[in-house]
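In what follows, a single structure is set out as structure tokens and then discussed.
The values are calculated or read from the model by the stated rules, or taken from the named source; none is laboratory data. None of these values were measured; they are calculated from a predicted model. Heads up, the Cβs are rebuilt from the backbone with ideal geometry, glycines too, and the neighbour counts pull from every protein chain shown. We work out accessible area using only protein heavy atoms, side chains counted, and drop any ligands, DNA or RNA first. Shrake-Rupley method; radii C 1.70, N 1.55, O 1.52, S 1.80 Å.
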Amino acid sequence: MIDFGYGISPSSAINLDKFDRTRFEELAREEPDVLKCMACGSCAASCPTAGHSDMNLRKVILLLGRGREDEALRMVSHCMLCGKCLIVCPRGINTRHLIPSVTKIYQKK
Amino acid sequence: MKDRFISGYNDFVLPFVIGMSFILIYLAIGIIRVIAQLPAQDRKKFFLSLINPKLWIINLKDIICDVLLHTRIWKRKPLLGYMHSSIAFGWFMLIVLGHIETWMFVPDRLSTFYYPVFFRFFVMETDHTIGGSFFFFLMDFFLLIVLSGVFLAMFKRIRSRIFGMRRTTNNQLPDRIAMYCLWAIFPVRLLAESFTAGIAGGSFLTRPMYWLFSNFLTNTYHILPTWWAYSTLLGTFFVLLPFTRYMHIPTEAFLIVLRNAGIKVSHPRKGYSIAQIYSCSNCGMCIDACPMMGQKKNLRYATVYFNRLLRRRNWARCEESADKCLMCGKCVAVCPVGVDSCNIKRSLRGLKAAPAPADYGYFSTYSLSESATTSPSSAEPAAGQEKILYYAGCMTQLTPVISKAVGTVLDRAGVNWEFMDRDGGICCGRPLILAGRDERAREMIRSNTELIRQSGATVLLLSCPICYKVFRENYDLKGIRIVHYTEYFDELVRLGRITLRNSGEKLVYHDPCELGRGCKVYKEPRRVLGAVGELVEAEKHHDESICCGGSLGSLTLSYEDRKDITMHSLDNLLYASPERIVTACPLCLKTFSPYSPKKVSDFAEVVAQNMN
Ligand code: SF4
Ligand code: SF4
Ligand code: SF4
Ligand code: SF4
């Protein structure tokens, strides 16, 4: 096989068949807002924990969509529910309700 | 005046006696239950308060003002106040005077508790005395007062607007039956006493009625049936009492005693909260007050219905209401009973919140910069030598114009200050407390307290009212003065450390919920703003100011609903057509700015712009 040299890094493509999306669907049912996120990152940019912890709401939402739940849960545990992300979110997502719901839904094993 | 019957008894008193016994037993059990459910330290507080003579005087004063005279309603809505106090105070006087009459004329009958209530049935007039006619006059007079109140109450059901209320509570079946009983009790009493006036005597109300009736009725035939009706109505009312809004009549006095003992809400449906929700008179003043009520669909979240649902333990709907509430505190401020609904809702949130493990280990990475750390000195600082620590709070990070302006003013005044969270800091904890998660907030409180203590500051200056409230209420910072910048700037002006010029601009001041109703700061910002421009008031101001809609208190209110509230609040502020809206909260500033047709500025900004 000819190596064209394009494979510099291994594929990070996500195989949606490989993880169970039931929890994400449950989250989306309870918090339809989560589907509105456009990953703009305003929330992370305004978060007071930035620079001190790895909390990043944009990432949390992306990670959950990709089934990387443990990482997302760890991040969320740093949140102070201060609500700055709620104020800046251009999509009007009620983050202060979304974040506790994430913990509630994903925590139960 | 003497006894008409040797037995001093007639069967018609039975309904009353049964009803009265029922309610007394019910109340006794209720009180014991509430006390038993109080946390141990609160119970101790309660018992200690009972042996404190000073508190007795306060309790007595509060009970007379709030339960009998309803002074709080008078202040807001005089006609409504008259309606409530005429029924409550009039009824109370009828009971008291009935006992005095009995005690004066037939003292040995005092031991039966029905006798004073049906006094005029059991006595007959033997001679006219000044004393006797004086009491009869008083009895007729207070009956007239009560009747006027009852008449107004009937009228209120038809036209609540006359009383300055747009909406009034919708009643439920037991409430309605009890209400009709209450309406009927006093007219029936008037009839019964009038028919009896030929035997027992009467005064300016009952005697003419007696003469009137005697023209076409045989009064003696009607004596017993009307007394039966009167007794039955009273009995029915008392039996229904625990299942209706009228339970507030006996509960409110108990609530006052508990409140004055310094007890706070600790569980949404136990102990103190029971006294709170049963004290709700369903007057409905909280409906018009609530900023959410601009939209009809939110009507069901009104505090009065929340209280009602909580009484019935309808947890699901209570939770929904509790999560919606903005915690703006307006319903508490206007409530004539002072039902502390915000704290009940908050504790309900806490009770129902799913456990969420928090990891705040990273707090240890926040530290004070070198320059800010000094060992705390024990010596009292000389005047003007205080060391000020300014904590802007996370919300202010989104409105840097505030912290910049605060810095400008402080520098101009030449005070010695440090900026605690110039590069961001730990949240004050109030948002978590509002969400009912006090446990988690405790970590923030601990870390911040440590940082503040380390700094050696003598004054903690805050610009965000949300922070201000939590620092005042939940932090233990003894020895450090906690002050909001509106108060502090007012002080600087009065001490002459900054001087202001009057630009003549027409300003309106918005009372932020947490600063006004939350911390009762109203006059300082107004005094300063009055010196820099022409200060006008909004339509609703001080403790009736309307939440900006951005409150972190609500957990579920949607973006669109919030916008609705913001628009309504802006309308209210623009009432006197000011040129600029001034607020003293970063969240209000942020919430108003995008929608306001007039410029919105922060208090510090306006001060900084108008300093000489
Ligand atoms: S609520 Fe949580 S995620 Fe949002 S800004 Fe505050 S700390 Fe960050
Ligand atoms: S600010 Fe809102 S839209 Fe943007 S990434 Fe965060 S949650 Fe998503
Ligand atoms: S909560 Fe207060 S204002 Fe509202 S109905 Fe009850 S007593 Fe009236
Ligand atoms: S606190 Fe404010 S938003 Fe909540 S019910 Fe009371 S008035 Fe309405």
>> Only one of A:Met80, A:Met1, A:Met38 is within 30 Å of B:Pro586 (Cα to Cα) and more than 13 Å from ligand 2 (Cβ to nearest atom). Can you tell me which?
In response: A:Met80
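B:Ser367: at pLDDT below 85, part of a helix (DSSP H, G or I), among the hydroxyl-bearing types (Ser, Thr, Tyr) and open to solvent by 30 Å² or more (accessible area, probe 1.4 Å), yes or no? Walk me through it before giving the result.
On the way: at pLDDT below 85: yes; part of a helix (DSSP H, G or I): no; among the hydroxyl-bearing types (Ser, Thr, Tyr): yes; open to solvent by 30 Å² or more (accessible area, probe 1.4 Å): yes.
Spelling it out, it is not the case that B:Ser367 is at pLDDT below 85, part of a helix (DSSP H, G or I), among the hydroxyl-bearing types (Ser, Thr, Tyr) and open to solvent by 30 Å² or more (accessible area, probe 1.4 Å).
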> Name the residues in segment B:445-479 that are in a helix (DSSP H, G or I), in contact with a strand residue (DSSP E or B) (Cβ under 8 Å, 6 or more places away or on another chain) and open to solvent by 10 Å² or more (accessible area, probe 1.4 Å), would you?
Replying inline: B:Arg472
>> Being more than 8 Å from chain B (Cβ to nearest Cβ) and in a loop (DSSP other than H, G, I, E, B) is the filter here; which residues of segment A:81-92 pass it?
In response: A:Cys89, A:Pro90, A:Arg91
>> If I filter segment A:59-74 down to residues being more than 9 Å from every other protein chain (Cβ to nearest Cβ) and among the basic types (Lys, Arg), which single residue comes out as farthest from ligand 2 (Cβ to nearest atom)?
In response: A:Arg68
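Table: residues versus (1) surrounded by 22 or more Cβ atoms within 10 Å (Cβ to Cβ); (2) within 13 Å of ligand 3 (Cβ to nearest atom); (3) in a loop (DSSP other than H, G, I, E, B).
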{"site": "B:Gly262", "(1), (2), (3)": "no, no, yes"}
{"site": "B:Ser266", "(1), (2), (3)": "no, no, yes"}
{"site": "B:Arg269", "(1), (2), (3)": "no, no, yes"}
{"site": "B:Cys286", "(1), (2), (3)": "yes, yes, no"}
{"site": "B:Met293", "(1), (2), (3)": "no, yes, no"}
{"site": "B:Leu309", "(1), (2), (3)": "no, yes, no"}
{"site": "B:Arg313", "(1), (2), (3)": "no, no, yes"}
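Please enumerate the residues belonging to segment A:45-73 that are within 16 Å of ligand 1 (Cβ to nearest atom), within 11 Å of the chain's Cα centre (by Cα) and not polar (S, T, N, Q). Walk me through how you get there before you give the answer.
First pass over segment A:45-73, keeping only residues within 16 Å of ligand 1 (Cβ to nearest atom): A:45-64, A:71-73.
With the extra rule that they be within 11 Å of the chain's Cα centre (by Cα), the set shrinks to A:55-64, A:71-73.
Once the filter is applied, which keeps residues that are within 16 Å of ligand 1 (Cβ to nearest atom), within 11 Å of the chain's Cα centre (by Cα) and not polar (S, T, N, Q), segment A:45-73 yields A:Met55, A:Leu57, A:Arg58, A:Lys59, A:Val60, A:Ile61, A:Leu62, A:Leu63, A:Leu64, A:Glu71, A:Ala72, A:Leu73.
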> Scanning segment B:574-586 for residues that are open to solvent by 10 Å² or more (accessible area, probe 1.4 Å) and assigned to a helix (DSSP H, G or I), which turns out farthest from the other protein chains (Cβ to nearest Cβ)?
Replying inline: B:Ala576
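Please determine whether any residue of segment B:417-431 is assigned to a helix (DSSP H, G or I), more than 14 Å from every other protein chain (Cβ to nearest Cβ) and open to solvent by 40 Å² or more (accessible area, probe 1.4 Å).
Here is the first cut: in segment B:417-431, the ones assigned to a helix (DSSP H, G or I) are B:430-431.
Filter again for more than 14 Å from every other protein chain (Cβ to nearest Cβ), leaving none.
No: zero hits.
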> Of the conditions (1) within 15 Å of the chain's Cα centre (by Cα); (2) over 19 Å from B:Lys44 (Cβ atoms); (3) part of a loop (DSSP other than H, G, I, E, B), B:Gln276 fails just one. Which one is it?
Replying inline: (3)
> On the given criteria, is B:Met292 closer than 29 Å to B:Leu68 by Cβ and either within 16 Å of ligand 2 (Cβ to nearest atom) or among the aliphatic types (A, V, I, L, M) (or both)?
Replying inline: no
> Restricting attention to segment B:104-124, which residues are open to solvent by 50 Å² or more (accessible area, probe 1.4 Å) and touching a helix residue (DSSP H, G or I) at 6+ places or on another chain (Cβ under 9 Å)?
Replying inline: B:Met104, B:Phe105, B:Leu110, B:Phe113, B:Met124
> Can you tell me how many residues in segment B:132-146 are more than 28 Å from the chain's Cα centre (by Cα) and open to solvent by 30 Å² or more (accessible area, probe 1.4 Å)?
Replying inline: 6
> With (1) in contact with a His (Cβ under 6 Å, 6 or more places away or on another chain); (2) outside any helix (DSSP H, G or I) as the list, and B:Ile482 as the residue in question, which single condition is left unmet?
Replying inline: (1)
>> For segment B:590-599: of the residues being within 25 Å of B:Ala392 (Cβ to Cβ) and open to solvent by 10 Å² or more (accessible area, probe 1.4 Å), which is nearest to the other protein chains (Cβ to nearest Cβ)?
In response: B:Lys590
> Do you know which of the residues in segment B:547-573 that are open to solvent by less than 40 Å² (accessible area, probe 1.4 Å), in contact with an Asp or Glu (Cβ under 9 Å, 6 or more places away or on another chain) and away from chain A (no Cβ under 14 Å) is farthest from B:Val334 (Cα to Cα)?
Replying inline: B:Leu573
>> Going through B:Tyr305, B:Tyr301 one at a time, which residue ends up being within 14 Å of ligand 3 (Cβ to nearest atom) and open to solvent by 20 Å² or more (accessible area, probe 1.4 Å)?
In response: B:Tyr305
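For the structure I just gave you, tell me whether B:Asn219 is at pLDDT below 95 and open to solvent by 40 Å² or more (accessible area, probe 1.4 Å). Working first, answer last.
Details: at pLDDT below 95: yes; open to solvent by 40 Å² or more (accessible area, probe 1.4 Å): no.
Here the answer is no, as B:Asn219 does not meet what is asked.
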> Which pairs do you get when a residue that is more than 12 Å from ligand 3 (Cβ to nearest atom), found in segment B:319-334, comes within reach of a residue that is among the aliphatic types (A, V, I, L, M) and in a helix (DSSP H, G or I), reach meaning Cβ atoms under 6 angstrom, with the pair 6+ apart or on two chains?
Replying inline: B:Ala322/B:Leu348; B:Met327/B:Leu434
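Kindly establish whether A:Asn56 is within 14 Å of chain B (Cβ to nearest Cβ) and either within 21 Å of B:Ser554 (Cα to Cα) or polar (S, T, N, Q) (or both). Full working, then the answer.
Working: within 14 Å of chain B (Cβ to nearest Cβ): yes; either within 21 Å of B:Ser554 (Cα to Cα) or polar (S, T, N, Q) (or both): yes.
Here the answer is yes, as A:Asn56 does meet what is asked.
Of the residues B:Leu241, B:Leu224, which single one is touching a residue at least 60 places away in the same chain (Cβ under 8 Å) and either within 16 Å of ligand 1 (Cβ to nearest atom) or open to solvent by 20 Å² or more (accessible area, probe 1.4 Å) (or both)? Walk me through it before giving the result.
Values: B:Leu241 fails: either within 16 Å of ligand 1 (Cβ to nearest atom) or open to solvent by 20 Å² or more (accessible area, probe 1.4 Å) (or both).
Going through B:Leu241, B:Leu224 in turn, the sole match is B:Leu224.
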> Scanning for something in contact with a strand residue (DSSP E or B) (Cβ under 6 Å, 6 or more places away or on another chain), surrounded by fewer than 23 Cβ atoms within 10 Å (Cβ to Cβ), within 12 Å of chain A (Cβ to nearest Cβ) and more than 22 Å from B:Asp511 (Cα to Cα), does segment B:350-364 turn up at least one residue?
Replying inline: yes
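Give the residue, chosen from A:Ser46, A:Ser42, A:Ser101, A:Ser77, that is of a type in the set (Gly, Ala, Ser), in contact (Cβ under 8 Å) with a residue 40 or more places away in the chain, out of contact with any Leu (no Cβ under 7 Å at 6 or more places or on another chain) and within 14 Å of chain B (Cβ to nearest Cβ).
A:Ser42
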> Within the bounds of segment B:205-214, is there any residue that is in a helix (DSSP H, G or I), touching a Ser or Thr at 6+ places or on another chain (Cβ under 9 Å), open to solvent by less than 30 Å² (accessible area, probe 1.4 Å) and closer than 25 Å to B:Phe113 by Cβ?
Replying inline: yes
> Only one of (1) among the aliphatic types (A, V, I, L, M); (2) surrounded by fewer than 23 Cβ atoms within 10 Å (Cβ to Cβ); (3) near ligand 2 (Cβ under 9 Å from one of its atoms) fails for A:Ile87. Which number is that?
Replying inline: (3)
